[in-house]
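This is the structure I want to talk about, given as structure tokens.
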Amino acid sequence: EVRFSETLAEGRRAFRVPVTSQTGLLGLLNAGDYVDILGRYQDPQSGEMVSRTFLQNVEVLRVGQAIPAAIDNAVEFTDTERSLLTLNLSLAEAELLNLALGAGPINMVLRNPADLVLADSDGQRLSDLAQQSAGMLPAEEAAVTAEPSVAPSRVIQVILGGQVEEVAIQ
């Protein structure tokens, strides 16, 4: 019988993370899926709230329910929706995730298996959200200014072979 630790590649670590249906995509995730991990914390220099992707393309090894009586710190798992994700990380990634868990809430973002491109992002700040929403029109005003003869369109991003192309759908 093969122990779980023997299934890990050399230099890799299995790291279990508590998540809920809101933070960890429970019900959507399966072993073999890949996720990006976002953290939300207060910037120590500016004091501003920041959301940042700090790990990308992380393999989910297992998805399993947390059983409060069977774990240390059972007090942390009072929410019946909580579960544990077992992630495949390097030691440095595990240390970073451990810090993030102490700094503030984390969220998982499910990746398309064909999306292998690692994005470069400085994250988003609360002020970015305020600036973006300031440029948006209220729903009633937007309805009046929209041209009724033009059908609404959606723009999607198509990623093929590492190339990103925006396509408008009518």
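The values are calculated or read from the model by the stated rules, or taken from the named source; none is laboratory data. Because the structure is predicted, anything quoted here is derived from the model rather than measured. Heavy atoms of the whole protein, side chains included, go into the accessibility calculation; ligands, DNA and RNA do not. Shrake-Rupley method; radii C 1.70, N 1.55, O 1.52, S 1.80 Å.
Can you sort Met49, Met108 by solvent-accessible area, 1.4 Å probe, largest first? Before the final figure, lay out each step's value.
Values: Met49 75, Met108 15 Å².
Largest accessible area first, the residues go Met49, Met108.
Moving to a separate point now. Order Leu110, Leu97 by their accessible area, 1.4 angstrom probe, all chains in place, largest first. Intermediate results must be reported in sequence, preceding the final value.
Details: Leu110 75, Leu97 0 Å².
The ordering from most to least exposed comes out as Leu110, Leu97.
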